[in-house]
Amino acid sequence: MAEAKKKSNVFSRIGSFFRSCVGEMKKITWPTPKTTTKNFLIVVTVILIAGLFIFALDRGLYALLNLVMATGTN
């Protein structure tokens, strides 16, 4: 007959969980401030370009709609 595995108590499992969390946190390589600043500026630039593109597209389509509506009422 197979031996039944003995379950460890709740507190030892919680302790094991937190020990493994600490071990995983030590493996993380954090970016340098220079890399973080560079990535931040890239993200802000892309957001601004996308925002300007959407704004120009909205204004252009709105002007086109006004042109169509103005010619349709004559």
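The values are calculated or read from the model by the stated rules, or taken from the named source; none is laboratory data. Treat the numbers as computed from the prediction; the structure is a model and nothing was measured.
Counting the residues of the range 22-52 that are in a helix (DSSP H, G or I) and either at pLDDT 95 or above or of a type in the set (Val, Ile, Thr) (or both) gives 21. For Lys6, the test of being modelled with pLDDT under 95 and within 24 Å of the chain's Cα centre (by Cα) is failed.
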